Structures are given as C-alpha cells and as structure tokens.
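A short worksheet on the structure shown next.
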Amino acid sequence: MIDAERFIAWLPLVRPGSPRAYLIATLAVAAATLVRLPIDSLTPGAPYLTLVPAVLVTTLLCGMRAGLTALTMAILAAWFVLIPPRLSFGIADPTEIGTLVLFALVALLQVLVIGGLRAAVARARDAESQARGLIESAPDATVIVDRHGTIVRINQQAERLFGYGRSELIGRKIEMLMPFSYREKHVSHRTRFAATPEFRPMRARRESEGLRKDGSAFMAEVGLSYYTQRDELLIQTTIRDITERRRAEAELARAREVAEKASLAKSEFLANMSHELRTPLNAVIGFAELLKLDRVSSLGEKQRQYVGHVLQAAEHLLRLINEALDLSGVESGQLKLSLGPVGVRGILDDIERSMTPVAGRGNVSLTVTGAGDFPDVEADELRLRQTLINLVSNAIKYNRPGGVVTIAAHRADGALRFVVTDTGKGIPAERQKELFQPFQRLGAEHSGIEGTGIGLTLSRRLVEAMGGKIGFTSEAGIGSTFWIELPIATNVPTGSGATPEAPPAPLAMAGGYALLYVEDNPANLHLMEHLVATLPGVTMLSAPTPQLGLDLAAAHRPDVIVLDLSLPEMSGFELLERLKSMNETRDIPVLALTAAAFPRDVEKGLAAGFFRYLTKPIDVIKFFAAVDDALHVAAERRAAG
C-alpha cells in the first residue's frame, strides 16, 4: 500500500502561486486537450479521459491554486473543444452538460483533497527544514536518536567534535560515542529516559565522557530534550566539550589555593613580625618614657633630647606596625568594626585638643570651624578618630612654616562631611592618581618628613568599610583639602554627644596593692619593675615561668595578675585556665599584656576570660587604667564575701 504522505514528499514540488505553477497548469491542460483530440474516435463519449489526470498532476506538483486553475481551463476546453455540441436551436445536449458538471465536481473534490494533503506535507517539510537549520546552527554538538538509541540525525558540530562523518553515525547506536566502560550502564539510562522522558535544560546538565573516532576521551556536559515526529519519540542530546573549562577551573582552584596559602603566610608573617618587633619596642619605649619622666636623675638637657629622639623613632616604628596590621586586617576582612552613633562635636573637640600641640611643634596653627549642632554619624568611633587624626597629621606634616590647618564639618546630601584643609605645597596634578596607593609618598620619602606611606590607604579602606566616602582636591603651591563623608545615624540613643575622657586611675596610682607579672622576657620584667617602683607601696611579684606564676599566685593571692601569652611550657591561655580552676585565684582579675595585636587575637583573649587585653608596647596610661578597673572589681568581690 502506497503511503500518500511519503509519495508526495518524494515528488519535486513547485512553489505554489509562482508563475511556474500556473505555466505548468496551462501546459498540462493544453497537452491533455491535444492528446484527447486524436483519440476521440477511439473513445467516443469520454471527453474527460485526459483532463482528469492533467488536473490531478497539476495539483500534486503545483498546489491547490494551480489545480483550481487547471480545473477551470479543463472545463473551458471540454466545453469549447472536446464536447461535440448538439445544437438544438443553439442549446447543447443536457446529457453533456450533466457530464461536465459531474466532472467539475469530482475534479474539484480531488483538487481540494490532494491540494490540502500537499499543503500539509509542504508545511511539514518546511518545519523539518527549519528544525534542521536550527540544529545545524546550534553552537553545541547535537545528536538525535530514537527510543532505541539509534542515531537518526547529527549536526556539523557533532561531526567536528567526534571526528565522524554523518554516514558513519546515522543508523548506529549512540553508545559508540562513549567510552567502553560507560556503554552498558548508558543503555539502562537510555531505556529509563525513553519510558519517562523529561527535559534537562542547560543549567541542569549532567557531566559524562565522550569518545572520539581517534580513541581520545573528553569531559562532556550533556543536556537532553525530546519531541515526537510521526508518532515516533526522538531524543535530542546536546553535547559540549568542557575539557578546557575543567582545566581552567582546576587552574583557578590551584591559584585560589596558592593565594590562600600566601594570605595565610602573610598573616603569619605579620603576626610574627608584630610579636618580634613589639617585644623589644616594649622595652625601648617603656625605658625611654621612664627616663623622660624621671626628674631626679642626672640626665642633662641634651641627654633628654636624645631620649626624645629615641621615643619619637620608636613610636614611628610602632605606628608603621599598627597601620600594616590594620591594613592587612581590612584587606582580609578580619578587622571588625563596631558601628554605632558617634557624636561629631566630641570627636572634633578631641582632635583639636590632641593635635594642637603637634601643630604647635610644627609652627602650624590648627583651627576647628563650625560651632553648630551636628547630628551623630554612623561609624566606628575608634576608626573615625584614627582616620581624622591621620588626615590632620598629614596636613600638619606637609604644611609650610606658619601655615594653617582648618577642620570643619557640614551636611552634604544626607551625610555629614568632615573637611581638613591645609596651606601646604599641594599635590601636582600628574601625581594625584598615585594617592591612596600603599607605600606611596609622592617623593616625600626624600624630604626627611616621617611617614609610613600607608596611612591614606588605610584611611580609605576604613572609611569605605564604615559605609562612607573619602576624597580630596589639591592645587600645587596652594594646598590640599581632604574630606570624609559618613552617613548620619538614624537610631541615636539618649545622651549621645561628646566622648568622655578616660577616667583617672586613683587606685592604681595610689599604690598599696600586690601585682603578679608572669613574663619570660627579662627586659620586659625589668621595665615593669621600674614602672611599678614609681608607685608607693606596690608589691610586685615576678615569674619568668608559668609554673612559678601559679605557685606565687596561690601562695600570695595578689590583687591583679598580668600575663604574657607567649610563655614557655604552657601558653598564657592555658595559664589563665589553670588560674580560673584554682579556688585561691579564680576571682583575681587577670590582664593580658602581649605582642599579639591582631583584632582576632584581642577577641580570642577577651572570649577566653581575660579582664583586659593590652598590647605591647605598653601604654602606661591605658595600663594603669586597666589596673585601676581590676582593683575596683577585686574590691567589690572582696566586699561581697
């Protein structure tokens, strides 16, 4: 039995409505008429014998419209040429007219049926051609198989990817494109998918392995979809070679691992550097301060100047260490900020009070303008103060003798702007883009002016971490203006305002208490002994080892214990735990005094139970303030029984 659809699809079809189609219709009817005339004598009474095939062929080849045209011309040819008119007073035989009408109806039915079928086949052919074009233009390799895994179509990308020609793949099983170890397992996967097909879009792809004609395997990403054609399930497999992507991901992972190791190495280096530098600096700065404060010694004025130079150089080195640690903490995300409402007036007053003497030593006048009431800003108070001090310090250092530094604050588009203006040399336009880069001092490193080159870099990172902005304008020979913008605080607690000064330490300075210091560095022990010796009636117990510290603490029960964290035999944390576990010492406040100064170190120390966490070099004022707080707590505990 002939398949009408396949037969029509096999014919060389002509585009419907084209001039060629109508020309074929005309020629077909004309040929049928000419052929019919010679054989009329052989088949009398059958004038439509050749016209029916002409209409049928025209419809098959050229479509419904051409078939209707051929039918019209066939009726005219039959009426005027083929039907012998039997005129009776000019009227044709009714039988001939009935036959003509019957021919017209039958032929019309054929045209409509065959033309409709031809149009459907043409649409299917166009759709298939369009689908084939889409598959060929797809960027990925595409292989289409039936439910049994037999390849029915591939595109050019699949030929290039696997190295096979179309004729080598069509009719073969798709498993030939997979490594041998995977083929048997894939048959079961394929069978299950054909039973319950589902779409697996691009982002839900599965990874597999492909096998090229030359035997080389590659990593592939595979996506599946399905559709039906002539009631047959077809499965479309999209394949992408991801070998390069996997190689790039592996390289990226290795690079990330190297970067993480480098970051860890940098952190360890900074921690070790901080510890190794802070430990001797503790002695240098501490003894220098003792010499400077000792008015009964025989130091002459020149020797006191020498001591001042030592202090200045040591403090500069300490600033460099602190800024390097802060910058590293900001870059690694380990520097945690405590954001909250900060009183602007208190910050400005504090900056003016602390920086005016510095400006005076540099022969520069410092002025704070704007006496109005300012709203609080959302910031970390310590880091805001640090940033403003850095800007003001730069404005003083790089000013000219007799110059002026002005600090102001005003509202700016929903934020508050701090402005620091100087009358210094300014920054040349061609070098302004180098500002805010680490260790970049724009030539000032040759001027004799102290600086680290990372203050502005750190300031920028801190301001941005607080949700603000920092910028500047500068003109060579006139001066520079640096500004900071911070968001205005929305939730301001009652009573916020000026930051109170640190309270004095009357108990610590008055003496009359016992202090145990556990430290294995002899210089630091001697420094603490000399420091405590300036106070009346303070008993200091020294322990260079943790075990001796435990014994002295249990035997003497001092009022305050101070620990270094880097100790032999056991760490300061272990020693603290031992002290907290002993009945004799569990209520004694314990202070940490250490060179481990990273923010994470401070958090770890406070979380472990240290009453205060102080970093070296020792800040005498902060140290005695912490001791004073500890003495208050110890007194309250004793009073409570």
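Based on the Cβ-Cβ distance from His556 to Leu606, what FRET efficiency comes out when R0 is 41 Å, to the nearest 0.05?
Approximately 0.95, to the nearest 0.05.
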Where labels lie 7 Å past Cα in the beta-carbon direction, separation of Arg246 and Arg353 in nm: 6.8 nm
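What is the gain in length, in nm to one decimal, between Arg192 and Val633 on full extension, counting 0.36 nm per residue of separation less the C-alpha to C-alpha distance? Write down the numbers at each step before the final one.
Details: separation 441, 0.36 × 441 = 158.76 nm, distance 7.48 nm.
Stretched fully, the Arg192-Val633 segment lengthens by 151.3 nm.
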- prompt: Using a simple spin-label model with points 7 Å from Cα along the Cα→Cβ vector, what separation in nm is obtained for Ser167 and His530?
  reply: 9.9 nm
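Tell me, in nm to one decimal, what length is gained between Ala120 and Leu382 on full extension, where the rule is 0.36 nm per residue of separation less the Cα-Cα distance?
On the way: separation 262, 0.36 × 262 = 94.32 nm, distance 8.07 nm.
Contour length minus Cα-Cα distance gives 86.2 nm.
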- prompt: Counting only the heavy atoms of the protein chains, how much of Tyr306 is accessible to a 1.4 Å probe, in Å² to the nearest 10?
  reply: 130 Å²
message: Can you tell me the length gained on complete extension of the stretch Ser129 to Ser216, counting 0.36 nm per residue apart and subtracting the Cα distance?
response: 28.0 nm
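The values are calculated or read from the model by the stated rules, or taken from the named source; none is laboratory data. This is a predicted model, so every value here is computed, not measured. Glycine also receives a Cβ, built like all others from the backbone with ideal geometry; neighbour counts cover every protein chain displayed. Keep in mind that these areas ignore ligands, DNA and RNA; they rest on the heavy atoms of the full protein, side chains included. Shrake-Rupley method; radii C 1.70, N 1.55, O 1.52, S 1.80 Å.
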